[in-house]
Each structure stands twice: as structure tokens, then as C-alpha cells.
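> One structure coming up, written as C-alpha cells, with questions to follow.
The values are calculated or read from the model by the stated rules, or taken from the named source; none is laboratory data. No experiment lies behind these values; they were computed from the predicted model shown. Positions of Cβ are backbone-derived with ideal geometry, glycine not excepted, and every protein chain shown enters the neighbour counts.
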Amino acid sequence: MLDFLRQYKFSYSFFNFFKKKELEHNLEFYKKYGIDKKYYSSVSSEDFKHLEGEKNILDDKDAREVLPTIDTFNSLPEDVQQSLLGWSQNGYAILDGFFSEEEVDGFNAEVDRMIDVRSANWRYGNKIMFAIHTSRLLYDAGAGDKLKSILELLLGKEIDIFQSINFITGSQQRTHSDSIHMSTFPNGNMIAAWIALEDISMESGPLHYYPGSHQLPYVVNRDYGNVGTSLKLGNKTYSDYEDKIESIIQENKLEKKVFLAKKGDILIWHANLLHGGDPMLDENSTRKSMVFHYYAKEAVCYHEITQRPTLKKKMTAPKS
């Protein structure tokens, strides 16, 4: 019965009606763009297809020209600067040893504690979701200025941390763009930072990504026949979306890179960078890692596949 109801947009709207405080963030931007919607209404790329959204500065201009003119950039270590300069071309930046071994040991101990006291919110078997809602240490890692200031530099605007995911083992997720899950209008107003919490090997199913793929058109429901109707969601599966991404990779002859990270390294990626998790060659291996997702404050935030506005919990540092 529940699966049947999930096909219909009204079931989400009914649920959303009682979540006004977590959904009203979109209202000022609906008004700005002339979109006639309530805070609880279904929303997707179809609502914005007649509009041309503003590009973020590093999507419109080259980071090599823009970043050196900014004081925040010039105060960063030389190795960090060099990685960030390739953002416009590559769609990612790698920051080696960004978090110290001691800091990462603290993150791992905190995750172990959450598992021991059963405060970890597990999903899909190997993901701990939204640990930042209950852990002050992990919240500070993602929301603190050390990392956040770099992400705001790349996005060219203020951001709010939205989500954290902790992995014990590799995700083994097929290649995708986060923009299909955490969608925005205008496009590109989401950014992510993935942190290695141990040394990563090929056996553990490392992260992979496709440099420059962020410059390709965003894939939305219409691109794989998943628009649906005014009442119902599209009937395509997530595998259909993944197949579409695979065909794009083949058509564009994209080069795959694998991130064999060291403990404390960070991979920052653009909202539209294609990435995923390689298969685990050793089923007993771990791939301890943590990813933070952020939305720009000045954007409509929603989920393209389910056509739901994003529930944005007012983020404050947890007490513990």
C-alpha cells in the first residue's frame, strides 16, 4: 500500500504540509522566479525549464583568473591554492592531509561511539545518515570555517551544511551526479566534500570520478523518460537513470579516475560531477569515510526524482 501511495505526488504534499518550518526556505525563491507554488507543493526541473538560471562565478569564468583576485584564496597554503585553481576545468579539488591523523582518529572514535550506543541512523545497510544532527564533533568538522570557507570560495556564495553520510564499507554505487538527488535552481548550487577516514585501497572499493564531467548538461527526469504526470511521479527506476549516465560516459569517452586517498585527504566535487564507488574486491575490507553535502543559501532546493522540496532542518551545533 505504501509503495502504491508513493507513486502519487499528493502523498508527499500531505506529508509536507506538516513540515512548514523545514520547507518554507523555497518560498522567497519561488516568488523571485515567478513560480506559483506552496511550500508543500511538488517541484521538479519541469517548473524551471522556461527559465535561464544565473551561473555561479566559477561556472561562468575560469578559476585561474578569478580566485587569485580574492584575499581568502591568497591566504591558503600553496598546495591548496594549486588544487583549487583547476576547479572550473576539472569540477573537483583534492586537498591532501586536510585533516590531521589525530582529528581523523577522533572522527572514527565518535562514529564507533554512536554505533555502540545505537544512536547511528543506519540506511541501506552501510550508511550512517545525518550524524551531524547528534554529534557536535562531526558537525564542527563539516560546518567549521576550516572547510566551509574553502567551499564558499568555490561556490562563490554562502552555504549551509545539509547532510552527512558516514560509510564503514565502500558504497559500490554506480556512477551518478548528486544533482539528481540534491537538486537546485539555478543549477550548481550544491557542493560536496568527501573525507577519507583511513587509507583507501583498490580492494576496498574506492571512490571514482570523471574529470570535467560537471560541464555536461544536467541529467533530469525528462532525459530518461521519468517526468510523470500532474498527479503521478514517473515510472522509471533508479537503474534507468544509472543506465542513462553510463551511456553519457560512453558517448563522451570520459576518462575515469580512482581516488586512492590517504587518511585525512579530501575530495571536493561540483554538484554535477559524475562519480561513484568501485566494487569491493575484498568483501572483508573497510572504506571508512564521511561525506558532507551543502546547499547554497540563495537557491531553490529539491529532489528531482521524487519531485519533493528539500526538508532543511535548521542546523545548529548539537550539544554532545
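> With the checklist (1) at pLDDT 95 or above; (2) over 21 Å from the mean Cα position of the chain (by Cα); (3) assigned to a loop (DSSP other than H, G, I, E, B) in hand, flag the one item GLU52 doesn't pass.
(1)
> Is the range 113-124 home to any residue that is out of contact with any Lys or Arg (no Cβ under 7 Å at 6 or more places or on another chain), part of a helix (DSSP H, G or I) and touching a residue at least 24 places away in the same chain (Cβ under 8 Å)?
Taking the range 113-124 as the starting set, the residues that turn out to be out of contact with any Lys or Arg (no Cβ under 7 Å at 6 or more places or on another chain) are 113-124.
This time we only want the ones that are part of a helix (DSSP H, G or I), so: 113-116.
Keeping just the survivors that are touching a residue at least 24 places away in the same chain (Cβ under 8 Å) gives none.
No, there is no match, as no residue in the range 113-124 is out of contact with any Lys or Arg (no Cβ under 7 Å at 6 or more places or on another chain), part of a helix (DSSP H, G or I) and touching a residue at least 24 places away in the same chain (Cβ under 8 Å).
> Let me ask another. For the range 177-211, give me each residue that is buried (at least 19 other Cβ atoms within 10 Å of the Cβ), farther than 20 Å from VAL111 by Cβ and in contact with a Gly (Cβ under 7 Å, 6 or more places away or on another chain).
The answer is PHE185, PRO186, ASN187.
> Applying the selection to the range 289-308, what residues are over 21 Å from ILE57 (Cβ atoms) and touching a His at 6+ places or on another chain (Cβ under 8 Å)?
HIS303, GLU304, ILE305
> Can you name the condition, by its number, that LEU51 falls short on among (1) in contact with a helix residue (DSSP H, G or I) (Cβ under 9 Å, 6 or more places away or on another chain); (2) touching a residue at least 24 places away in the same chain (Cβ under 8 Å)?
The failed condition is (1).
> Can I ask one more? Where residues in the range 27-49 are aliphatic (A, V, I, L, M) and not in a helix (DSSP H, G or I), which of them is surrounded by the most Cβ atoms within 10 Å (Cβ to Cβ)?
The residue in question is VAL43.
> Could you tell me which of the residues LEU267, LEU260, LEU273 is buried (at least 19 other Cβ atoms within 10 Å of the Cβ) and more than 12 Å from SER213 (Cα to Cα)?
LEU267
> Right, next: Based on this model, can you work out whether ILE161 counts as at pLDDT 95 or above, out of contact with any Lys or Arg (no Cβ under 8 Å at 6 or more places or on another chain) and crowded, with 18+ Cβ neighbours inside 10 Å?
no
> Among ILE200, ILE150, which is the only one that is in a helix (DSSP H, G or I), out of contact with any helix residue (DSSP H, G or I) (no Cβ under 6 Å at 6 or more places or on another chain) and modelled with pLDDT of 95 or more?
Only one candidate passes the filter, namely ILE150.
Quick grid of which residues meet (1) at pLDDT 95 or above; (2) in contact with a helix residue (DSSP H, G or I) (Cβ under 6 Å, 6 or more places away or on another chain); (3) charged (D, E, K, R):
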{"residue": "ARG174", "(1), (2), (3)": "yes, yes, yes"}
{"residue": "SER204", "(1), (2), (3)": "yes, no, no"}
{"residue": "LEU216", "(1), (2), (3)": "yes, no, no"}
{"residue": "TYR241", "(1), (2), (3)": "yes, yes, no"}
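> All but one of (1) closer than 14 Å to PHE292 by Cα; (2) in a helix (DSSP H, G or I) hold for ALA193, so report the exception by its number.
Failing condition for ALA193: (2).
> I'd like the residue in the range 287-320 that is buried (at least 18 other Cβ atoms within 10 Å of the Cβ) and hydroxyl-bearing (Ser, Thr, Tyr) and, out of all such residues, is nearest to the chain's Cα centre (by Cα).
So the residue we want is TYR294.
> Of the numbered conditions (1) crowded, with 16+ Cβ neighbours inside 10 Å; (2) on the phi > 0 side of the Ramachandran plot; (3) of a type in the set (Lys, Arg), LYS127 satisfies every one except a single condition; which is it?
(2)
Listed here are the residues, each with its yes/no results for (1) at pLDDT 95 or above; (2) out of contact with any helix residue (DSSP H, G or I) (no Cβ under 7 Å at 6 or more places or on another chain).
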position	(1), (2)
LEU5	no, no
PHE15	no, yes
GLU28	yes, yes
GLY34	yes, yes
LYS37	yes, no
ASP47	yes, yes
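> Whether any residue in the range 57-66 is outside any helix (DSSP H, G or I), under 25 Å from the mean Cα position of the chain (by Cα) and at pLDDT 95 or above is what I want to check.
Yes; the residues of the range 57-66 include at least one that is outside any helix (DSSP H, G or I), under 25 Å from the mean Cα position of the chain (by Cα) and at pLDDT 95 or above.
> Quick check: is even one residue across the range 108-116 closer than 23 Å to ILE180 by Cβ, of a type in the set (D, E, K, R) and crowded, with 16+ Cβ neighbours inside 10 Å?
The first filter runs over the range 108-116 and keeps only residues closer than 23 Å to ILE180 by Cβ, leaving none.
No: the range 108-116 contains no residue that is closer than 23 Å to ILE180 by Cβ, of a type in the set (D, E, K, R) and crowded, with 16+ Cβ neighbours inside 10 Å.
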